[in-house]
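Data first, discussion second: the structure below is written as structure tokens.
We did not get these values from a lab; they are worked out from the coordinates using the rules stated. Everything numeric in this text was worked out from a predicted model, so none of it was measured. Methodologically, a virtual Cβ is constructed for each residue, glycine included, from the backbone with ideal geometry; neighbour enumeration extends over all protein chains shown.
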Amino acid sequence: MEEVLALKNMSELATAEYVVTKIIKANDNNTWYKAGDRKILMSCKASLVAGIDLSKLTVNQIKTNGEQISITLPRAHLIYINIKPEDIKTAYQQVSFFRDQFSSEEKNQLAAQAQKQITDAIDSIGILNSAETNATLFINNFLQKLGYKNIQINFNNQSNPLQ
Amino acid sequence: MRNLFKKYIWIIAGLLLIILLFSKINWLPSIKNLFKSKPVVIESTPIVIREIKSLSNLITIAFTDEIVMDTAQIGEGLPDILPLGITTTLVPSVKKLVIIGRGKIVAGTDLSKITSGDVMVSGDSVHIVIPHAGILQTILNPSDFETFIEEGKWSEAAVTALKIKIRNKINEHAIQQNIPEKADERCKLILENYLTNTGFKEVAITFK
């Protein structure tokens, strides 16, 4: 057994989690010399977590004046996607007589393609907006607990819809 | 006769030289590519949102680890030299599966557990009592796995079980490396910096 270890410091405030599902559909009939085809239908469940990278928050982006505070936060981004092995299931497969079953590696490759498709669709599913809204609410509540009365939270290059 | 033979040798040598030259500058179709399997590409299907959760997790440490895990079983019949449908129990075989998993653990603190009673402000001093950090997620996506050896037919349940063993091992390593304790220290440091930046002169962070 060989191991590689690595440790990385982070300052991510995770504020939104979306659980999504996707059907993985593939048809292996494009190789000309292989007789017959193979079809597979799988399903997967992914957890997407988005939030704010607080390491990008500089002193200049926090302005205080008595009970007033103004913070400009960095835009939300996807922190991670997690597709657990037990959340990938083969629902149906059809394999011609002369072909081999889909191997576990091939199924894994198909699931990896689904992972990429989900990650690429991050802008369209609305998680980044939710993450920014939740971050605003959380920081607002936290600053209220600290005694601030007039709180203004903005995001880089755009004002927050909640304010 | 000898001259004719010499002539043919020159023609063949010339042709071989031309073929070699053309293949060097990629003008000839590759035989290797001709018999290369086309990759199986998945169709574009909709992504369905099942659940939306609000979080307040401060992620402070990411720990990555690589584990090689194997399993073996006595198989049924001949090794995989025959196509599907032709099964036999003539010769028992040993099935072997070796998977490499490169996973990531994210550790941090659930800040939603901080209540109003945990925050004490007095002038420009603040004292906050925070919960201890923990492992928030162990991330092992399909792209993080590599099948090194796959001999014989393996059920989906067996493959998943091996992958879960890899995940559990990574969790064990994270605990051995004191990742939650390190996440506690980082969380304390981040909150101290943040509170100092928001104008507090004295900042005290303690744990529940």
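Can you give the net charge of the other residues whose Cβ lies under 12 Å from the Cβ of B:GLU146, counting K and R as +1 and D and E as -1?
Details: positive: B:ARG102, B:LYS163; negative: A:GLU105, B:GLU66, B:ASP144, B:GLU150.
Counting the neighbours of B:GLU146, the net charge comes to -2.
Could you tell me the distance between the Cα centroids of segment A:75-105 and segment B:165-208, to the nearest Å?
So the two Cα centres are separated by 34 Å.
If R0 is 30 Å, what FRET efficiency do you get for A:SER124 and A:ILE23 from their C-beta distance, rounded to 0.05? Display every interim value, and only then the final one.
Values: r = 17 Å, r/R0 = 0.57.
My answer for the efficiency is 0.95.
If you line up the long axis of helix B:2-24 against the longest principal axis of chain B, both from Cα atoms, how many degrees apart are they, to the nearest 10?
On a 0 to 90 degree scale, this one is about 10.
Going highest first, how would you order B:7-13, A:122-128 by mean Cβ packing within 10 Å?
Descending packing order for the listed peptides: A:122-128, B:7-13.
Considering only the other residues whose Cβ falls under 14 Å of the Cβ of A:PRO74, what net charge follows from Lys and Arg at +1 and Asp and Glu at -1? Spell out each step's value before the answer.
Details: positive: A:LYS56, A:ARG75; negative: A:GLU12, A:ASP53, A:GLU132.
Taking every other residue near A:PRO74 into account, the sum is -1.
About the Cα centre of the protein assembly as shown, what is the dipole size in debye to 20, counting +1 per Lys and Arg Cβ and -1 per Asp and Glu Cβ, all else neutral?
1440 debye
Run the numbers for B:VAL48 and B:TYR8: contour at 0.36 nm per residue of separation, minus the present Cα-Cα distance, in nm. Each step should come with its number before you reach the end.
Values: separation 40, 0.36 × 40 = 14.40 nm, distance 6.88 nm.
Separation in residues times 0.36 nm, less the Cα-Cα distance, equals 7.5 nm.
In percent, how large is the relative contact order of chain A, given Cα pairs closer than 8 Å and 6 or more residues apart?
28 percent
Assign unit charges at the C-beta atoms only (+1 for Lys and Arg, -1 for Asp and Glu), then state the dipole size of segment A:62-163 relative to its Cα centre in Debye, rounded to the nearest 20.
340 debye
Using the alpha-carbon atoms, what tilt in degrees (0 to 90, nearest 10) does helix A:127-145 show relative to the longest principal axis of chain A?
Long axis of A:127-145 versus the principal axis of chain A: about 30 degrees.
So for each of A:78-85, A:142-149 I average, over its residues, the number of other beta carbons within 10 Å; can you give me the resulting order with the highest mean first?
Averaged packing, sorted descending, gives the order A:78-85, A:142-149.
What distance in nm lies between label points placed 7 Å from Cα along the C-beta direction at A:GLN93 and B:LYS24?
Reported label-point gap for A:GLN93 and B:LYS24 is 4.6 nm.
Going by average Cβ neighbours within 10 Å, how do the peptides B:115-121, B:135-141, A:86-92 rank, with the highest at the top?
Put in order of decreasing packing, that is B:135-141, A:86-92, B:115-121.
Tell me the angle of helix A:104-120 to the major Cα principal axis of chain A, expressed in degrees between 0 and 90 and rounded to the nearest ten.
Computed tilt is about 30 degrees.
Using the Kirkwood radius over Cα pairs, work out the Stokes-Einstein diffusion coefficient for chain B at 20 °C and 1.002 mPa s, in µm²/s as a whole number.
89 µm²/s
Using 0.36 nm per residue of separation minus the Cα-Cα distance, give me the extension gain between A:GLN152 and A:GLN117 in nm, one decimal.
Values: separation 35, 0.36 × 35 = 12.60 nm, distance 3.62 nm.
Extra length from A:GLN152 to A:GLN117 when fully extended: 9.0 nm.
Counting only pairs 8 or more places apart or on different chains, how many lysine pairs in segment A:12-155 have C-alpha atoms closer than 19 Å?
26
As I understand it, the dipole of the protein assembly as shown uses +1 on the Cβ of Lys and Arg and -1 on the Cβ of Asp and Glu, about the Cα centre. Which of A:ILE69, B:SER122, A:LEU110 lies farthest toward its positive end?
Of the options given, the answer is A:LEU110.
Averaged over its residues, how many other protein chain Cβ atoms are within 10 Å of peptide A:66-79's Cβ atoms?
1
Could you tell me the extents of the protein assembly as shown's C-alpha atoms along the three principal axes, largest first, rounded to whole Å?
Dimensions of the protein assembly as shown along the principal axes of its Cα atoms: 110, 55, 38 Å.
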